[in-house]
Structures are given as C-alpha cells and as structure tokens.
Amino acid sequence: MAEWLPHAARVLGAKPPPRLPASLVHDVVGSELVHYSIRMPGASNARAKATFGLTPAWPSSHRGFEHELGDSPAQAVPGRHS
C-alpha cells in the first residue's frame, strides 16, 4: 500500500494519504489490520504468469492507474494536486 496508494492519489489529483505511526493505528484498529496494511509483504503473480502464461495488461500498477483513471505518465508527477 505504501507504493500504490500515494500514486493513485496523485493520479486522481488528491492529497496523499496521511502517514501515521503504527502504534497509533494499532490503538485504533488493532494489530491484525496493522499487520495486513504495513507489515505483510506484497503478493506476487509470478507463479500465475509462469503457470498459465499470463501477461498483465499494464507493466506496473502505476501505469494501470494512469491509463484506467485517465491520466498520462507525464501528468502523474509527485506533488501534483488538482
């Protein structure tokens, strides 16, 4: 989430999500959500690609967001807030 969510916000012209200390979030939502949100490693689709010969429509989630949300890579720059 630390990579794709801020990028999606930029593409949409929204402010980046706030960064909060894990200890504060833990007190509010509990340890399970903290684990799944920030400590659990990201998933990989490498096995599905190899097994089934799948090719993603976009080379990265960043490019997918830019295409599907109507923004081009040149416009999706850090710090852009519409």
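Filter the stretch 25-50 down to the residues that are loosely packed, with under 10 Cβ neighbours inside 10 Å and modelled with pLDDT under 85 and list them by number.
ARG39, PRO41, GLY42, ALA43, SER44
For the stretch 6-23, which positions are surrounded by fewer than 14 Cβ atoms within 10 Å (Cβ to Cβ) and either in contact with a Ser or Thr (Cβ under 7 Å, 6 or more places away or on another chain) or assigned to a helix (DSSP H, G or I) (or both)? Don't jump to the end; show me each part of the working.
Step one: filter the stretch 6-23 for residues surrounded by fewer than 14 Cβ atoms within 10 Å (Cβ to Cβ), giving 13-15, 17-23.
Within the stretch 6-23, GLY13, ALA22, SER23 meet the criteria.
The values are calculated or read from the model by the stated rules, or taken from the named source; none is laboratory data. Note that this is a predicted model, so its numbers are computed, not measured. Every residue, glycine among them, receives a Cβ derived from its backbone with ideal geometry; neighbour counts consider all protein chains shown.
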